[in-house]
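This report refers to the structure that appears directly beneath it.
The values are calculated or read from the model by the stated rules, or taken from the named source; none is laboratory data. No experiment lies behind these values; they were computed from the predicted model shown. Reconstructed Cβ throughout: ideal geometry from the backbone, glycine too, with neighbour counts over all protein chains shown. Remember, those area values only see protein heavy atoms, side chains included, never the ligands or the DNA or RNA. Shrake-Rupley method; radii C 1.70, N 1.55, O 1.52, S 1.80 Å.
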Amino acid sequence: MSTTVTATKTSSAETLQTFTIKPTPLWQPLPIEGDIPAPYTTNSGLEVVPLHPTFACELRGVDWSKSISQEAYDEIRQIADQYGVVACRNTGLTDEAHIEFSRNFGDLDDVRPYIDAGRKHRLAYPELFDAGNIDPETGNAAPLSAAQVIGNKANEQFHVDSSFNARRAGHSLLLAHVIPPKGMGGATEFADSRTAYDDLSEEMKQELETLVTNHSLFHSRKKAVPDYFKDTDPSKLPLSKHRLIQDHEWSSRKNLYIASYVYSIDGMDTVQGTGLINDLIEHVSKPKYRTTIPWEQNGDMIIWDNTSVLHRATGGTYEGKYPRDMRRTTVKDMSSYKFGLNDPSNEWRVGLP
C-alpha cells in the first residue's frame, strides 16, 4: 500500500507574498586532501578517472546514443558501487532515455506526493523530479520569492535523497538540460560517508551501532529557512526511522547514514540527540571527505548512491537570474535496508507544494 502525506506552509498571506531569499555566495571548491589514484581503462574499454582519493569518479567511453545493454549496465553499476558517485559528461540523453536507463537500477520513485500537495509539475513524466529553478508558469528562472526556490535552500545542506519516506532512495541520476553561465555557480558537492565511518574510533562505532534516527523532510526545510517554515512542527508530521550505522550491501562496507533530515535519535532527549547529530554531520563534512563536481555542459549526468554518500547543492549568483534546468530520476532503495525500521506494508511518502 502506498499513501501520501502532504504539508502546506501556514504563515500569513502577506508573508507568502513578501518573503524572499538571497542568492548563495559563489562556492569555492575545497582543495582535495591526499593523492588521487591514476585513471584506468576497464576490460571493455571504459575509462575511469578518479576525482578524489577515496570516492567519486568520472566515467568516459559509454555510448549513450543507444540503449544500454545489461552487460554495459552491470559494468557501470560495479563502478557506481565502488565509487559512490559517477559523473558522465555530455550524454545527450532525452527524458525518455534517462528514465529507461534509470530503471536498470530498480523501482523508480515519482513526484506525485508533491503534485498532491499543490505543486505544478512542468515536466512530461512523473518519474522526473524537477531539481532546477525553472518557473513552471514562465519557463524562466524562478524569482527568489518562489516557494520552490525557498524550499530548495535546504538542499544546500548535506543530505541523502528521500530518507524521509517510508522507503528511502537508493540511487539518484541527475541530468543537466540547461546550466547557468560559467562562473556563476551551480556545482554539486559530495561527501564520502563510508570512509567517514571507517575513520571513527572503535569506541564511537560501538556507541553508534544500535542507534535509530528519525528523518523528516520538514525538519530540513525548517533548519534552512526557519522564518518561512516557522509554523511547521516536524514532531507532528511523519518521521522515517533508519539505523544510523548500516551495512552497504553493494560494497560490503559499513556506512554512516546521517543527513540534514535527521530530526532526532530514539532514546535521547533533544539536547543530547541534537548534539550528536550535529557532531556526526560535522564529522562527515570534514574537507578530507568532500569533493565538488561542476556541471560542464548540457547533457552531463551524475549518478550517486544515497546509501554510501551525501550530497548538496552549492547555489550561486545565477539564482533568480539564469535558468538551471536539472531533472532527476530517483531509484527506490533495493537493499534489505530499504524500509529502515518502517512498516513495509505502508509505503507512505511526503511532499511539499
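Looking at 59, 26, 46, 30, just one residue is in contact with a helix residue (DSSP H, G or I) (Cβ under 8 Å, 6 or more places away or on another chain) and farther than 26 Å from residue 334 by Cβ, and that residue is 30. Residue count for segment 314-338 satisfying the condition of being of a type in the set (A, V, I, L, M, F, W, C) and open to solvent by less than 30 Å² (accessible area, probe 1.4 Å): 2.
Taking first residues from segment 46-61 that are under 19 Å from residue 288 (Cα atoms) and outside any loop (DSSP other than H, G, I, E, B) and partners that are open to solvent by 10 Å² or more (accessible area, probe 1.4 Å) and among the polar types (S, T, N, Q), the Cβ contacts under 9 Å between residues at least 6 apart in sequence or on separate chains come to 57/82. For the structure I just gave you, tell me whether residue 298 is crowded, with 19+ Cβ neighbours inside 10 Å, assigned to a loop (DSSP other than H, G, I, E, B) and over 18 Å from the mean Cα position of the chain (by Cα). Spelling it out, it is not the case that residue 298 is crowded, with 19+ Cβ neighbours inside 10 Å, assigned to a loop (DSSP other than H, G, I, E, B) and over 18 Å from the mean Cα position of the chain (by Cα).
The single condition from (1) open to solvent by less than 60 Å² (accessible area, probe 1.4 Å); (2) closer than 17 Å to residue 265 by Cβ that residue 206 fails is (1). Enumerate the pairs (first residue in segment 63-84 and touching a residue at least 60 places away in the same chain (Cβ under 8 Å) and within 23 Å of residue 308 (Cα to Cα); second residue anywhere and among the hydroxyl-bearing types (Ser, Thr, Tyr) and open to solvent by less than 30 Å² (accessible area, probe 1.4 Å)) with beta-carbon separation below 6 Å, excluding pairs fewer than 6 apart on the same chain, so at least 6 apart or on different chains. That search, which allows pairs on different chains as well, returns 84/308.
Restricting to segment 180-224, name every residue that is of a type in the set (A, V, I, L, M, F, W, C), outside any loop (DSSP other than H, G, I, E, B) and within 18 Å of the chain's Cα centre (by Cα).
190, 191, 196, 217, 218, 224, listed by residue number.
The residues of segment 168-178 include none that are in a loop (DSSP other than H, G, I, E, B) and surrounded by fewer than 23 Cβ atoms within 10 Å (Cβ to Cβ). Of the candidates 247, 227, the single residue that is closer than 25 Å to residue 350 by Cα, of a type in the set (D, E, K, R), surrounded by fewer than 17 Cβ atoms within 10 Å (Cβ to Cβ) and in contact (Cβ under 8 Å) with a residue 60 or more places away in the chain is 227. Hey, among the residues in segment 115-159 that are open to solvent by less than 40 Å² (accessible area, probe 1.4 Å) and among the aromatic types (Phe, Trp, Tyr), which one's nearest to residue 24 (Cα to Cα)? The extreme case among them is 158.
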